[in-house]
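Here the structure is laid out as structure tokens; the discussion comes afterwards.
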Amino acid sequence: MTTSVGFDLDMTLADTRVGIAAAMDELSARLGVPIDSAAVVRRLGPPLEMELANWMPAEQVAAAAELYREIYPDIGVPVHTAMDGAHDAIAAVRAAGGRVIVVTGKNPRDAAGTVEALGLAVDEVVGSLFGAGKGSALARFGAAAYVGDHVADIEAARAGGAVSVAVATGPYTVEELREHGADVALPDLTEFAGWYARWCRRDEVR
């Protein structure tokens with residue numbers, strides 16, 4: 001059985017809320033546009049441009065996104081922290097002979113910067129993909145499972161032919177993730193290693 005696993009980044013492996021809020025607050029101040037950063041971090045997952053469209057006219061979104069990405073490496077990345085269980089989850093995959101890929105909606109530079117800053121021992125990082133668009137990266141890598149916190153990550157797993165493992169550390173509860181079709185729904189990553197060991201041993205989803 002293939003043991004390689006894909007992981008989402010924001011609110012799956014990395015708690016990026018403080019950094020994203022700080023970058024959004026700085027963007028708001030520079031542009032003079034009100035942005036409720038607390039609301040932003042409550043619904044992390046969709047692409048940056050989609051979020052910015054909630055706060056400004058469509059014609060201003062591209063320039064605002066460019067400025068945000070200039071701000072983010074210095075303000076956002078340094079204050080990110082690893083989610084509970086993140087390092088153990090990756091270690092469990094590697095100990096079983098699997099490889100780890102991060103597939104995220106975050107742009108490739110900041111995704112790689114976050115992974116490096118947190119010391120996450122992954123084999124590959126792919127950015128700027130969302131929902132079913134992540135499927136091709138997962139399939140190419142050979143990920144047998146994909147772990148994420150958003151319902152769009154369930155779609156990603158389906159598109160990539162992978163088992164959908166959802167963690168309730170983002171905007172959805174365990175029950176909501178199950179209702180949206182997750183094969184496995186866990187409260188957080190601290191329970192991943194145990195599930196993964198059973199899955200590898202029995203060659204079936206538990």
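The values are calculated or read from the model by the stated rules, or taken from the named source; none is laboratory data. None of these values were measured; they are calculated from a predicted model. Cβ coordinates were reconstructed from backbone atoms using ideal geometry, including for glycine residues, and neighbour counts include every protein chain displayed. Accessible surface areas use protein heavy atoms only, side chains included; no ligands, DNA or RNA. Shrake-Rupley method; radii C 1.70, N 1.55, O 1.52, S 1.80 Å.
What number comes out for accessible area per residue over the range 1-149 if the probe is 1.4 Å? Units Å², please. Please report the intermediate quantities before stating the final value.
Values: 6150 Å² over 149 residues.
Ligands and nucleic acids excluded, the figure is 41 Å² per residue.
Quickly estimate the mean residue ellipticity at 222 nm for the chain, helices only: each DSSP H run with n ≥ 4 gives -39500 (n - 2.57), and the total goes over all residues, rounded to 500. Show your work: numbers first, answer last.
Working: 10 runs with 98 residues, N = 206.
After summing the helix terms and dividing by residue count, I get -14000 deg cm²/dmol.
When a/c reaches 1.5 or more, the comparison of a/b and b/c decides; with that in mind, is the range 102-165 rounded, prolate or oblate per its Cα gyration tensor? Working shown, then result.
Details: a/c = 1.86, a/b = 1.63, b/c = 1.14.
Note, shape of the range 102-165 comes out prolate.
By accessible area of protein heavy atoms, probe 1.4 Å, what ranking do Phe130, Phe7 get, highest first? Could the numbers behind the result be given before it?
Numbers: Phe130 70, Phe7 0 Å².
Largest accessible area first, the residues go Phe130, Phe7.
By the gyration tensor of its Cα atoms, with a ≥ b ≥ c the square roots of the eigenvalues, what is the shape of the range 95-206: rounded for a/c under 1.5, prolate for a/b over b/c, or oblate?
Values: a/c = 1.43, a/b = 1.21, b/c = 1.17.
Judged from the Cα gyration tensor, the range 95-206 comes out rounded (a/c under 1.5).
Put +1 on the Cβ of each Lys and Arg and -1 on the Cβ of each Asp and Glu in the range 1-153; which of Ala112, Ala89, Met50 then has its Cα farthest toward the positive end of the dipole?
It is Ala89, whose Cα lies furthest towards the positive end.
Determine ³J(HN,Hα), in whole Hz, for all residues of the range 2-19 in sequence, where each value follows from phi through the Karplus function 6.51 cos²θ - 1.76 cosθ + 1.60 and θ = phi - 60°; x replaces Gly and Pro.
5, 10, 6, 9, x, 10, 6, 9, 4, 6, 10, 8, 10, 8, 9, 4, 5, x
For the range 182-187, just list the computed ³J(HN,Hα) in residue order, Karplus coefficients 6.51, -1.76 and 1.60, θ = phi - 60°, integers in Hz, with x standing in for Gly and Pro.
Values per residue, Gly and Pro as x: 4, 5, 9, 10, 10, x Hz.
In whole Å, how far is the Cα centre of the range 1-72 from that of the range 113-145?
18 Å
Quick check: at a probe of 1.4 Å, how many percent of the accessible area of the chain sits on carbon and sulfur atoms? All intermediate terms of the calculation are to be shown ahead of the outcome.
Details: 4400 of 8800 Å².
Looking at the chain in its full context, I get 50 percent from C and S.
Enter the accessible area of Ser136 (Å², nearest 10), with the probe set to 1.4 Å and all protein chains included.
Ser136 exposes around 80 Å² with every protein chain in place.
Run the paramagnetic zone check for Arg43: 7 angstrom along Cα to Cβ, then residues of the range 170-190 with backbone nitrogen under 13 Å.
The answer is 171-172.
So how strong a dipole does the chain carry about its Cα centre when Lys and Arg Cβ are +1 and Asp and Glu Cβ are -1, to the nearest 20 debye? The partial results should precede the final answer.
Numbers: 17 positive and 29 negative charges, 126 e Å.
It comes to approximately 600 debye.
When only the heavy atoms of the protein chains count and the probe is 1.4 Å, how do Leu177, Leu48 rank by accessible area, highest first?
On the way: Leu177 0, Leu48 30 Å².
Largest accessible area first, the residues go Leu48, Leu177.
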